1. I'd like to verify a number: residues in the range B:83-93 that are within 19 Å of the chain's Cα centre (by Cα) and open to solvent by 30 Å² or more (accessible area, probe 1.4 Å), how many?
2. I need a count of the residues in the range B:83-108 that are more than 7 Å from chain A (Cβ to nearest Cβ) and among the polar types (S, T, N, Q).
3. For A:Gly56, state whether it is surrounded by fewer than 15 Cβ atoms within 10 Å (Cβ to Cβ) and either touching a His at 6+ places or on another chain (Cβ under 8 Å) or in contact (Cβ under 8 Å) with a residue 40 or more places away in the chain (or both).
4. Among the residues of the range B:1-17 satisfying the criterion of being aliphatic (A, V, I, L, M) and facing chain A (nearest Cβ under 7 Å), which is most open to solvent (accessible area, probe 1.4 Å)?
5. Does A:Ala217 satisfy the criteria of being within 21 Å of the chain's Cα centre (by Cα), among the hydrophobic types (A, V, I, L, M, F, W, C) and within 26 Å of A:Met36 (Cα to Cα)?
6. Return a yes/no flag: does the range A:161-177 have any residue that is farther than 30 Å from B:Ala36 by Cβ, away from every other protein chain (no Cβ under 11 Å) and part of a helix (DSSP H, G or I).
7. Considering only the range A:188-207, state which residues are under 17 Å from B:Pro46 (Cβ atoms) and either outside any helix (DSSP H, G or I) or open to solvent by less than 20 Å² (accessible area, probe 1.4 Å) (or both).
8. Every residue in the range B:60-82 that is buried (at least 16 other Cβ atoms within 10 Å of the Cβ) and either part of a helix (DSSP H, G or I) or facing another protein chain (nearest Cβ under 7 Å) (or both), please.
Amino acid sequence: MTRRDEWMRAARAAFPHTLPVLTGFAFLGIAYGILMRAQGQGLALTACMSAIVFAGSMQYLAAPLFALGFAPLSAFLLTLMVNARHLFYGISMLDRLRGTGKWKNLLIFLMCDETFSLLLNAQPPRGVDRTRFMVCIAVMDYLYWVLASVAGSLLGAVLTLNVEGIDFVLTALFLVIFLNQWHGCAGRWPAAAGVLCSLLCLAAVGAEQFMLPAMAAILATLLIWQALRTRREAAQ
Amino acid sequence: MNGMEKAMTVAVIAAATVLTRFLPFWIFPQGRRRPAWLTRLSESLPYAVIGLLVVYCLRGVDLTAPPYGLPEGIAVAVVALLHAWRHNTLLSIGGGTLAYMLLVQTVF
């Protein structure tokens, strides 16, 4: 089998996994392009943001910044805060990206929420190379996002189709992954801890600011849980 | 902002994003022994993060004002029920999303 055949096989195996992301990104990407238009920003800036930054929620947050004064430091700090969850993705992926060789840096660069959640759980079918499978998923998701934001920028305000609520597709995607993990039993405790810590922090500080405290609470809970388990195992 | 300032802002946002994505791999390079707590953490954290992401997606839901989070609650239930019934990822996601779109466009 030639290298090209192997890539084709990986792409065919990867594509069905990316369908929910395709739907979600088609909508969110187009909406991003339209939003940037509404803020007075053209195609070049929209395309650059999607292609170089590739972080949806940060791009939405940054959309109004370009109409304001030049403030690189606050843009830098805002990005660090909004994207701090990537640190979690990295830690979770340390071992899973082992053996991906020259593709590792590309996979890390393309690790958005959706790609992370797919790579975490999707298994390649037998006979399909795992690295190629992961690269195909990541690159497909990336292309969906870039192309959709370009399309949105071009469409501007012309879109008349009522697609209100289609963004729920991403919620449903994460929910299904959550349910699959729950079904697997192994991670019920941390999964429940993740939801509870997030809900508590959301209730305490509100939707705008709950991410950082929630991440701190999750870290603390998991580390304490680990320490207790280690001690119990040592005592036995 | 002028064109140059916009380009620099994109670069700054990109640099910060890259930093958050690569930092764990720089701090804990392959091959070097990692502390045991980190290995354990990297096993349990993925489960917790998906829980965080679900809450993150639903963070804008307001339970105190109409429609009291009903569309989201019903759609989440549809996803859960479909998934318990068929265990088919695309069916659960598609069904839940269609239900949510119908609810926000026609009912609420």
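1. Of the residues in that region, 2 qualify.
2. The qualifying residues number 2.
3. No: the conditions fail for A:Gly56.
4. Residue satisfying both the conditions and the ranking: B:Met8.
5. Criteria not met by A:Ala217.
6. Among the residues of the range A:161-177, not one is farther than 30 Å from B:Ala36 by Cβ, away from every other protein chain (no Cβ under 11 Å) and part of a helix (DSSP H, G or I), which makes the answer no.
7. A:Pro190, A:Ala191, A:Ala193, A:Gly194, A:Cys197, A:Ser198
8. Of everything in the range B:60-82, those that are buried (at least 16 other Cβ atoms within 10 Å of the Cβ) and either part of a helix (DSSP H, G or I) or facing another protein chain (nearest Cβ under 7 Å) (or both) turn out to be B:Pro71, B:Glu72, B:Ile74, B:Ala75, B:Val76, B:Val78, B:Val79, B:Ala80, B:Leu82.
The values are calculated or read from the model by the stated rules, or taken from the named source; none is laboratory data. Predicted, not measured: the structure shown is a model, and the values here were computed from it. Using ideal geometry, Cβ is built from the backbone for each residue, glycine included, and neighbour counts are taken over all protein chains shown. Calculation scope for accessible area: heavy atoms of the full protein, side chains included, ligands and nucleic acids excluded. Shrake-Rupley method; radii C 1.70, N 1.55, O 1.52, S 1.80 Å.
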